[in-house]
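Bear in mind that the values in this text are calculations on the coordinates, not laboratory data. The shown structure was predicted, so the numbers you read here are calculated from the model rather than taken from an experiment. Methodologically, a virtual Cβ is constructed for each residue, glycine included, from the backbone with ideal geometry; neighbour enumeration extends over all protein chains shown.
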There are 2 protein chains.
Amino acid sequence: MELAKMSKNELQDILKNLKEKHEEFKSKNLKLDMSRGKPGADQLDIIEGMLSAIKSNKDCFTEYGIDCRNYGALEGIPEAKKIFADILGANPDEVLVGGNSSLNIMYDTIARAMSFGVVGSEKPWGKYDKIKFLCPSPGYDRHFSICQLFNIEMITIDMTAQGPDMDTVEKLTSQDELIKGIWCVPMYSNPEGITFSDEVVKRLANLKPKAKDFRIMWDNAYAVHHLSEKPDKLLNIFEECKKANNPNLVYMFASTSKISYPGVGVAALATSRENLEQIKKQIFVQTIGPDKLNQLRHIKYFKDLNGINEQMKKHRKILKPKFDTVLNKLDEEFKGLEIAYWNKPNGGYFISFNTIDGCAKRTLELAKEAGVTMTPAGATFPYGKDPNDRNIRIAPTYPPISELKIAMDLFCVCVKIACIEKLLDK
Amino acid sequence: MELAKMSKNELQDILKNLKEKHEEFKSKNLKLDMSRGKPGADQLDIIEGMLSAIKSNKDCFTEYGIDCRNYGALEGIPEAKKIFADILGANPDEVLVGGNSSLNIMYDTIARAMSFGVVGSEKPWGKYDKIKFLCPSPGYDRHFSICQLFNIEMITIDMTAQGPDMDTVEKLTSQDELIKGIWCVPMYSNPEGITFSDEVVKRLANLKPKAKDFRIMWDNAYAVHHLSEKPDKLLNIFEECKKANNPNLVYMFASTSKISYPGVGVAALATSRENLEQIKKQIFVQTIGPDKLNQLRHIKYFKDLNGINEQMKKHRKILKPKFDTVLNKLDEEFKGLEIAYWNKPNGGYFISFNTIDGCAKRTLELAKEAGVTMTPAGATFPYGKDPNDRNIRIAPTYPPISELKIAMDLFCVCVKIACIEKLLDK
């Protein structure tokens, strides 16, 4: 029965019962972490053989004879450029392969734009009093942190089931020269699991921003991270940009952090050759080059995109039951109550969960009291402020299923307590 | 005999003979690269066992149980912090261990200072119309490139046999608030092989710059890179800074690029805890953390500073004969001619060679014509401009000795041609 239709007395009875359950959880001294989209140890252990793919000095050469131990190959080794070109839908000469963190490449891309501008900039972004970025939300907190650090004003854009609200994106970018970019996680978005529709991708590629140096930060973090045998399909924005005579509009990012090892993966940027030439001149000053040996290790292990897709099937076998555990529990606990709704993603790392307005913070406070840490409420919005205080990012990947079950039992109790308190408060 | 005292006829005869030799070299179609301080393949091959130190998933844990495959440990693993603390003369909690490139850490340090300032800054360095850096020269071209990219005005400071000309450094820094830093390679400096004297280190640590956010960029790239059994000794500037109540004055950098593998080493920054806390907040936004597994690989192989010192002895065995080849040849060819002088370094990667004024560019042009690439003339000075056009950085490490001999034969011919042309031109 819909909770909002219950009498105060009925709600109070339920609340009393829930609070007892909550006390029971507290007495268990749990210490469970569901805060980040972090692969679990079980996922890390399925990659056996990559670390032994390079055992000695004679294993350190690429097919074309590059000695991966020494300096050089600023753009990454050709084999790695090829594999990321295939992941991101670009040509190998449109790819720069870096270190272990796509976040780092994204940060650096913004940092360089602030200091030096991008192709088409009249001046460095940092020379404006303040520039702005569009932030489809709920979104990825680390994107928003980068904006905040560089004092870039964030404009929240609503996420629809097809992607960002394009009417607003088109309107704002066409009017305001200070809007220099937009953050996108286009496939299995963080946290909502939404894959941008073809129409949204096309409209993004065809933007005519007032700022001639506007950029789409296309964080394709979950390009191959399917949870279903019928995966979502994402239109190739880079091709659409080229068709639209907007070849420089998009920077695309990907990494193997959730394919091989999170801390020891390989990350890459793909963009137009004109953008890339500018970036390479700057990166030449910044570094002696990426860790090519780790790139080679990945190539020796995965060989090509097929190898990656095979690996992702193994991940799916581990992840699908975890997502199902969460989704089944949510169905079970909240069906008919009308106090929560959530997405059922086809891939990615998160389930985006929404309470009735004003209950997210309180829910997570209650969870924390009982020893379960989740992504802080508001983290999925610019400045950490969810205007409706309702979105919670559930990250089911890290804990083993046994722990996940306990955490979800507790979570559901917390949601119900927070929502009933809110209903009683009206 | 001193060339300058010879008659024109004598010089012309010698020149004719030298030009014939130069033509002979040209006909050999050489392709030798002495442009960078790059370890040779022989040096890379002496590290056997590091790459197999981590072969499987069970090898990926630190002594304290950190899973190096996953996210986390932004500052690096404790064992790596310890070893760099020992190299740089700091405490482990004053160290941040990063990726494979100390150049990258230095660049990032400047980039952050430009965007956000440092501890004690009134405003970000980038908010001034123009800031300035002191550049002891000859120096490391990559330091100067960073300044140039960020439009930081470079002020050339003479290098003496004890280090930078401290009278000028003290005078300028005490007067000009826009001078925000100085680049130093304090041990076996690039290219001169000079180790800063105790007095210079103390005077640097006791600077009272007008800019409250002045920083010493202490690039201790060759801290353990001795070429002699009686190595130079460098006073610990960090301790001197602490004694002088200037704990935040210095950022110290080091890497294993020329200890393990150039492209696959580990780099670190050491500085005061106050500086480090500020930096960590910013780095948290920039990256998911360094490649901890490569750090662990280094720890498993080297164990501690002793292990590194043992490795450096092996490097010395390879490098000393290369340096001797160059130095003996220079002695042989130039003794008494009074057209060239050079340093005999006790360590590091370079021999700094000076012709009579106005002959460096011409020398390298002649070398290039005959197929030998060296560091471009002027590269060791700010803006790539050697005011006296005389300094040439000889990098003897990369070629095998057989090639080095040929390259040096040619080099000496080129120096003589350039100098005689200059003398005849007077």
Can you list the distances in nanometres, one decimal and ascending, from the A:Lys31 label point to the identical position in each other copy, with the point 7 Å along Cα to Cβ?
-> 6.0
Lys/Arg +1, Asp/Glu -1 at C-beta; region A:61-303 dipole; positive extreme among A:Gly76, A:Pro138, A:Met159 | A:Gly76
Residues whose modelled amide H sits under 5 Å from the amide H of A:Ile131, counting only those 5 or more places away in sequence or on another chain, are A:Glu153
Rounded to whole Hz, the Karplus (6.51, -1.76, 1.60) HN-Hα couplings of region B:321-326, x for glycine and proline | x, 5, 4, 4, 4, 5
Region A:2-27 to region B:190-255: how many Å between their Cα centroids?
-> 65
In what sequence do B:Met6, B:Met374 fall when counting other Cβ within 10 Å, fewest first?
-> B:Met6, B:Met374
Tell me, how many Å apart are the Cα centres for region A:68-84 and for region B:88-140?
-> 27
Value at 222 nm in deg cm²/dmol, rounded to 500, when DSSP H runs of n ≥ 4 in chain A each add -39,500 (n - 2.57) = -13000 deg cm²/dmol
Rounded to the nearest 5, what % of the DSSP beta bridges within the protein assembly as shown are antiparallel ones?
-> 45
At 7 Å out from Cα toward Cβ: A:Gln148 inter-copy label distances (nm, ascending) | 3.9
DSSP bridge orientation in region B:61-303 - percent antiparallel, rounded to nearest 5 | 35
Of A:Lys281, A:Lys303, A:Lys322, the most mobile residue in a GNM of chain A (C-alpha springs, cutoff 10 Å) is A:Lys281
Using θ = phi - 60° and the Karplus relation 6.51 cos²θ - 1.76 cosθ + 1.60, list the HN-Hα couplings for region B:256-265 in order, rounded to whole Hz, with x at every Gly or Pro.
-> 9, 3, 10, 10, 9, 10, x, x, 9, x
Check: the protein assembly as shown dipole with +1 on Lys, Arg Cβ and -1 on Asp, Glu Cβ, in debye = 300
Based on the Cβ-Cβ distance from B:Lys28 to B:Asn206, what FRET efficiency comes out when R0 is 60 Å, to the nearest 0.05?
-> 0.65
Ascending list, in nanometres, of distances separating the B:Leu305 label from those of the other copies (7 Å, Cα toward Cβ) = 5.1
Region B:231-265: trypsin sites (Lys or Arg not before Pro) falling in loop per DSSP and having at most 11 other Cβ within 10 Å | B:Lys233
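How well do other chains shield peptide B:124-132, expressed as the mean number of their Cβ atoms within 10 Å of each residue Cβ?
Values: counts 2, 0, 5, 2, 0, 0, 0, 0, 0.
Mean number of neighbouring Cβ atoms from other chains: 1.
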Where both partners of a DSSP beta bridge lie in chain A, what percent of those bridges are antiparallel, to the nearest 5?
-> 45
Mean-square fluctuation maximum in Gaussian network of chain A, Cα pairs under 10 Å, restricted to A:Lys82, A:Lys16, A:Lys26, hits A:Lys16
Check: region B:61-303 dipole with +1 on Lys, Arg Cβ and -1 on Asp, Glu Cβ, in debye | 480
Taking the Cα centre of chain A as origin and charging only Cβ (+1 Lys, Arg; -1 Asp, Glu), how large is the dipole, in debye to the nearest 20?
-> 500
Ranked by Cβ crowding within 10 angstrom, fewest neighbours first, how are B:Asp176, A:Asp93, B:Asp232 ordered?
-> A:Asp93, B:Asp176, B:Asp232
How many nm separate the modelled label positions at B:Asn151 and B:Asn306, each set 7 Å beyond the Cα in the direction of the Cβ?
-> 5.4
